[in-house]
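Notes to accompany the following structure.
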Amino acid sequence: MPTTIAVTGRAEERIAPELGAVALSIGAQGAVRDHVVGSTTAAHDRVLAQVRELEASGVLDTWSAGQLRVWSYRPWNSEGKQLPLVHQASAEVEVVFTDLARLGEWVGDAAGAAEVAIGGIEWRLTDATRRRVREAAQRAAVADALAKARVYASALGLGDPTPVELADHGMLSAQPMPGAPKTMMMRTAADLGGGSQGTEFAPAEIVIEASVDARFTAEAA
């Protein structure tokens, strides 16, 4: 009677980021609505003019700009007294760089404006690179599962294991299903590490992970 061996195969691929997505918030607040809107609009126009220059120079992948939002509220002080009306305006902009060195230079300049706040930087890969690296991780995860199964089979004095079931981690059925078709569904997860300090950037490698559950059978050698 064949022995069933169940294992989990894991693998990861590391690669330097190709893109840097900068999230900016442009806004102002104050007691005079027209002044707040005017300051925000002027700052927004300046940033977009810079972005268009960057686009023309060929250092960007994409960029997008949200609509200007304006709202008002009445704050409360520590004594529970409602204070005069405060007006606030804000607009969001995302700029995706292909030239990561130029990204650092531009962020330093952009952050110098009082109306501009850097929300963060997300390190990314192009779609083609992500697919390629994800496939490599998936193949390595399957190879890891097979290597583990061979170790267990050898330790038990059994022959080479035969795969009978393969699935994305956590999706393998609790018990073998006789006659069930073989599956090969794998999931990947990316950890986008990295960040910025001032205008010096050292983006962490992007990690593409794959994990599969597999079931094998092996018989006495």
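The values are calculated or read from the model by the stated rules, or taken from the named source; none is laboratory data. No experiment lies behind these values; they were computed from the predicted model shown. All Cβ positions, even for glycine, are placed from backbone atoms using ideal geometry, and neighbour counts span all protein chains on display. For the accessible areas, the whole protein counts, side chains as well, though only heavy atoms, and no ligand, DNA or RNA atoms are used. Shrake-Rupley method; radii C 1.70, N 1.55, O 1.52, S 1.80 Å.
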Exercise. Does anyone have the angle between helix 33-57 and the longest principal axis of the chain? Alpha-carbon axes, 0 to 90°, nearest 10?
Worked result: 50 degrees
For this session: Once you have the Cα-Cα distance between residue 42 and residue 74, take 0.36 nm times their residue separation minus that, and quote the gain in nm to one decimal.
Result: 9.0 nm
For this session: Any chance you could give the angle, 0 to 90 degrees and rounded to 10, that helix 100-110 forms with the longest Cα principal axis of the chain?
Result: 30 degrees
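Counting alpha carbon pairs within less than 8 Å and at least 6 residues apart, what relative contact order, in whole percent, applies to the range 35-130?
Once normalised by length, the contact order is 28 percent.
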Problem set entry | Rounded to the nearest 20 debye, dipole of the chain from Cβ charges on Lys, Arg, Asp, Glu | 560 debye
For this session: Would you compute, from DSSP H runs of 4+ residues alone, the mean residue ellipticity of the chain at 222 nm, taking -39500 (n - 2.57) per run and dividing by the full residue count, rounded to the nearest 500?
Result: -10000 deg cm²/dmol
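How much length is gained if the chain between residue 132 and residue 81 is pulled fully straight, taking 0.36 nm per residue apart and subtracting their Cα-Cα distance, in nm to one decimal?
12.4 nm
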Exercise. Over the range 43-90, what per residue volume does the convex hull of the Cα atoms give, in whole Å³?
Worked result: 100 Å³
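Within 14 Å, Cβ to Cβ, of residue 119, how many net charges do the neighbouring residues add up to if Lys/Arg are +1 and Asp/Glu are -1? Kindly include the intermediate steps, with their values, before the conclusion.
On the way: positive: none; negative: 92, 94, 115, 122.
Neighbour charge sum, excluding residue 119 itself: -4.
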Exercise. Quick one: Karplus J couplings for the range 144-156, per residue in order, coefficients 6.51, -1.76, 1.60, θ = phi - 60°, nearest Hz, x for Gly and Pro?
Worked result: 5, 4, 5, 4, 5, 4, 5, 5, 5, 5, 5, 5, 8
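Give me the number: length gained by fully extending residue 53 to residue 205, i.e. 0.36 nm times residue separation minus the C-alpha to C-alpha distance, one decimal in nm. The partial results should precede the final answer.
Working: separation 152, 0.36 × 152 = 54.72 nm, distance 2.89 nm.
Here the answer is 51.8 nm.
How many percent of the accessible area of the chain is carbon or sulfur, using a 1.4 Å probe? Intermediate values should be presented prior to the final figure.
On the way: 6510 of 12700 Å².
Of all accessible area on the chain, carbon and sulfur atoms account for 51 percent.
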Exercise. So what does residue 41 come to for accessible area, using a 1.4 Å probe and Å² rounded to 10?
Worked result: 50 Å²
Exercise. What's the center-to-center distance, using Cα atoms, between the range 205-219 and the range 70-95 in Å?
Worked result: 51 Å
Exercise. Where is the GNM fluctuation largest for the chain (alpha-carbon springs, 10 angstrom cutoff): 211, 57, 39?
Worked result: 57
Problem set entry | Convex hull of Cα atoms in the chain, direction-averaged projection (nm²) | 19.5 nm²
Seminar exercise, completed: Between the modelled labels at residue 102 and residue 6 (7 Å from Cα along Cα→Cβ) the distance in nm is 5.3 nm
